[in-house]
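The values are calculated or read from the model by the stated rules, or taken from the named source; none is laboratory data. This structure is a prediction, so every number in the text was calculated from the model and none was measured. Ideal geometry is used to build each Cβ from the backbone, glycine not excepted, and the neighbour counts take in all protein chains shown.
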Amino acid sequence: MLLLSQIKGKRVVDAGNQRVGRVQDVIAAGDEPFPHVTGLVLGRRGRRFLVDWEEVESLAPVIRLKRVWSDADATPPAETALHLARDVMDQQIFDTRQIKLVRVNDVTLVPGDGTLLVAGVDASLRGLLRRVRLERVGAAVARALRRRLPRHLIGWNQVEVLQTEQGGVVKLKVPLERLKRLHPRDLAALVNQMDPAERAEVFQSLDVETAAEALPEVEPEVQVSIIASLEDEHAADILSEMEPDEAADLLGDLPAELSEDLLEKMDETEAGEVKELLGYADDTAGGIMTNWFAAVPVTLTAREVIHSLRVQGPIDHGMYYVYVLNEREQLLGVFTLGTLITALPEAEVAQFMQADPIRVRADASVAEVAQVLARYNLLAVPVTAHDDVLLGIATIDDVIDLVLPAEAKQSLPRIFGSSTGAVRARAEK
């Protein structure tokens, strides 16, 4: 295995042992998983010129060409070609195994079919020390400390070269398809490490569902930066797919004019639900509640409830409670999905629901909500108006998001997560 750092800077001589120049870069091409080296970019007396790989006889101890070289043979390299030193070294890629951005410190090359193949990249400290001629010193220090200098090699088939419209290579990244398969929190962890341009690029490329799942997991100030950088139509689609309370929180942090523009472009139903929530103060139950909940009329049987929930659509994977309402949408009771499953099919809701459930008013403080959840060991508490109309639910996740620091939240499971297509289920008339 060869390394780009071992080739770059090497002296090149021709068949007559005359100096041609020194290697400044290596050019590669090909759409196959491992591109092949097509030429060397040499520098001499302030000039840069290309030597085709077919002209190379050997690589050690110096790079020797097959024939006598003439300055008349020098041609400039194509700037749109993949230059390994210029376009790959020192770029950042996404390491989906360690869930972080890493820097490319070297490029690995292997012989194949009469040429060199680009095998991968080295993102290790060892690679960086090698470039500055300190690899042996670093290895010695590591041995003295009874440690090892680890290698962090990533195969070229695991990265993707992104190009500008003009054809110039700009960056290496783990393929976006891999990002879409990441857990929303892992994707958010990567996004938090990116610069604003990279964040916008990733979210512009994600499908709406994936973006809507990942965006709420990103730091609030980063959410604002991402939404503000996207095209309005795409941003509105993402907001429409998010849970209303999460979309409302984000819109509340945006400049008023942009927030209004996005609300106008959102789906009418989702925009209406978000507007309901924007009317509440952030530090109240109304401000943290979601108006996506499962509710059924008191007149149904267990069999009819199951049919009703099935018709209304998939319930969020963390949903646990179903609320019982009268014809005026006032809260009468609550039951769990477990209770529903074990109830007799013809049993009426009033027979197995818990009547007069614990609730909080929309103007209750977040501290009051937290106290109720803790005192009664609830995963969610209904939020009602003064006439007992059910407005939404405040979940334990909502409280955790406010009272715990970001680093602590990352280690906790989401009980009422924003993934898997939650729907708001209103009581059927």
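Please determine whether any residue of segment 228-238 is closer than 30 Å to Tyr321 by Cα, touching a Phe, Trp or Tyr at 6+ places or on another chain (Cβ under 8 Å) and touching a residue at least 24 places away in the same chain (Cβ under 8 Å).
Yes, the conditions are met somewhere in segment 228-238.
Can you find even one residue in segment 255-277 that is of a type in the set (A, V, I, L, M) and in contact (Cβ under 8 Å) with a residue 40 or more places away in the chain?
yes
Quickly run through segment 305-333 and pick out the residues that are of a type in the set (A, V, I, L, M), at pLDDT below 90 and over 20 Å from Asn377 (Cα atoms).
Once the filter is applied, which keeps residues that are of a type in the set (A, V, I, L, M), at pLDDT below 90 and over 20 Å from Asn377 (Cα atoms), segment 305-333 yields Leu309, Val311, Ile315.
From the residues in segment 225-278 that are of a type in the set (Gly, Ala, Ser) and farther than 20 Å from Ala197 by Cα, which one is surrounded by the most Cβ atoms within 10 Å (Cβ to Cβ)?
So the residue we want is Ala247.
With the requirement that a residue be under 18 Å from Thr290 (Cα atoms) and part of a loop (DSSP other than H, G, I, E, B), what does segment 358-393 give you?
Selection gives Ile358, Arg359, Ala362, Asp363, Ala364, Leu378, Leu379, Ala385, His386, Asp388.
Which is at pLDDT 75 or above, more than 17 Å from the chain's Cα centre (by Cα) and among the charged types (D, E, K, R), of Glu217, Glu201, Glu165, Glu243?
Selected residue: Glu243, the only one of Glu217, Glu201, Glu165, Glu243 that is at pLDDT 75 or above, more than 17 Å from the chain's Cα centre (by Cα) and among the charged types (D, E, K, R).
Here are Arg86, Arg67, Arg48: which of them is assigned to a strand (DSSP E or B) and either of a type in the set (D, E, K, R) or buried (at least 18 other Cβ atoms within 10 Å of the Cβ) (or both)?
Checking each option against the conditions leaves just Arg48.
Of the numbered conditions (1) more than 23 Å from Trp292 (Cα to Cα); (2) buried (at least 21 other Cβ atoms within 10 Å of the Cβ); (3) in contact (Cβ under 8 Å) with a residue 60 or more places away in the chain, Gln193 fails exactly one; give the number of that condition.
(2)
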